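One structure below.
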Amino acid sequence: MSAPSAATSSAAAASPLPEIYNDDSEVSTSEGNPGDTSRVFLRFGRSGDLSVASSVKLTLVDGTARRGRDYAAPAYTKTLQFRAGQDFVSFFVNIRTDYVAEPDKTFSWHLSDPAGATIRSDSADGSVVILNDDSAAPPMFSVGDPYYTAENNFSTSPADFYVTRSGNLAAAAWVKVATVDGTALAPGDYKARSTTLYFAPGEALRHVLVPITNDAQPEPLETFSVRLSAPIHATIADDTGVATIHDDD
């Protein structure tokens, strides 16, 4: 008559199923710019008796963020597998990057259909917030002074002006660039240039190289400028860069 008692005792001692949980019901990540790697990690844990394998279905649910447009995942659903002894699994979602100023966007996830486990009551649902990091202000052009410009009898040493664009870089933009005489005069001291610089979407930097005229005459320091004008799809923050020609004679 002791067998039923032993069976009851054995059943009572059986370990309960492990619980699957996620302590971060809301996570956020910056969107990033093209060329960046932006992704969010969803980390799911398992507590209790880990001696057996478990699984659970993860479903991604569009919100203001849409799969394929704002985030990338192979499918809306994925079965997460816990091996025997394994306490954590991770699932990452790549975020689509751009230069467009827009509101923050969200999508959510849902756990269902556990096998060999249960889902903790506060861990069935969560959300991901994609934070906008682009400026709504129009882009601005600036031109900087070359670092060092020398008149050299033995080699060409062009003046290298950096033209930069900051702000919202989602669209293409143009700006005119022209050299302006100072105490240095074209063509005796440098070769004049006049052109229009095109910035492709996302492009933030262009170079303007101005050749320097070499001679064997001792001269004081001389200067000339590069000036920006007539921007399209942008404004100008700093329109003038100044080159100082250092004589080597």
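The values are calculated or read from the model by the stated rules, or taken from the named source; none is laboratory data. These numbers were taken from a predicted model, which means no experiment stands behind them. We place every Cβ from the backbone using ideal geometry, glycine too, and count neighbours over all the protein chains shown. Remember, those area values only see protein heavy atoms, side chains included, never the ligands or the DNA or RNA. Shrake-Rupley method; radii C 1.70, N 1.55, O 1.52, S 1.80 Å.
Observations on the model:
- One residue stands out in region 230-249 among those that are among the charged types (D, E, K, R) and open to solvent by 60 Å² or more (accessible area, probe 1.4 Å): the one that is farthest from Tyr147 (Cα to Cα), namely Asp249.
- The listed residue being within 23 Å of the chain's Cα centre (by Cα), of a type in the set (Lys, Arg) and at pLDDT 85 or above, out of Arg46, Arg83, Arg67: Arg67
- Qualifying positions in region 200-216 - hydrophobic (A, V, I, L, M, F, W, C) and in contact (Cβ under 8 Å) with a residue 40 or more places away in the chain: Ala204, Leu205, Val208, Leu209, Val210, Ile212, Ala216
- Only strands (runs of 3 or more DSSP E) whose full extent lies in region 85-166 are considered here, and the ones with at least 2 residues that are open to solvent by 50 Å² or more (accessible area, probe 1.4 Å) and either touching a helix residue (DSSP H, G or I) at 6+ places or on another chain (Cβ under 9 Å) or within 30 Å of Ser55 (Cβ to Cβ) (or both) are 88-95, 105-115.
- Screening Gln81 with (1) in a strand (DSSP E or B); (2) of a type in the set (S, T, N, Q); (3) within 30 Å of Pro138 (Cα to Cα); (4) open to solvent by 70 Å² or more (accessible area, probe 1.4 Å) gives one miss only, at (3).
- Against the criterion of being in a loop (DSSP other than H, G, I, E, B) and either farther than 30 Å from Leu169 by Cα or open to solvent by 60 Å² or more (accessible area, probe 1.4 Å) (or both), Asp36 qualifies.
- Of everything listed in (1) under 39 Å from the mean Cα position of the chain (by Cα); (2) free of Cβ contacts under 8 Å to residues at least 60 places away in the same chain, the single unmet condition for Thr183 is (1).
- Scope region 186-198; condition without any contact (Cβ under 8 Å) to a residue 40 or more places away in the chain and of a type outside the set (Val, Ile, Thr); matching residues: Ala186, Pro187, Gly188, Lys191, Ala192, Arg193, Ser194, Leu197, Tyr198
- Test: residue in region 53-64 that is at pLDDT below 95, open to solvent by less than 60 Å² (accessible area, probe 1.4 Å) and either under 17 Å from Asp125 (Cβ atoms) or among the basic types (Lys, Arg) (or both): no
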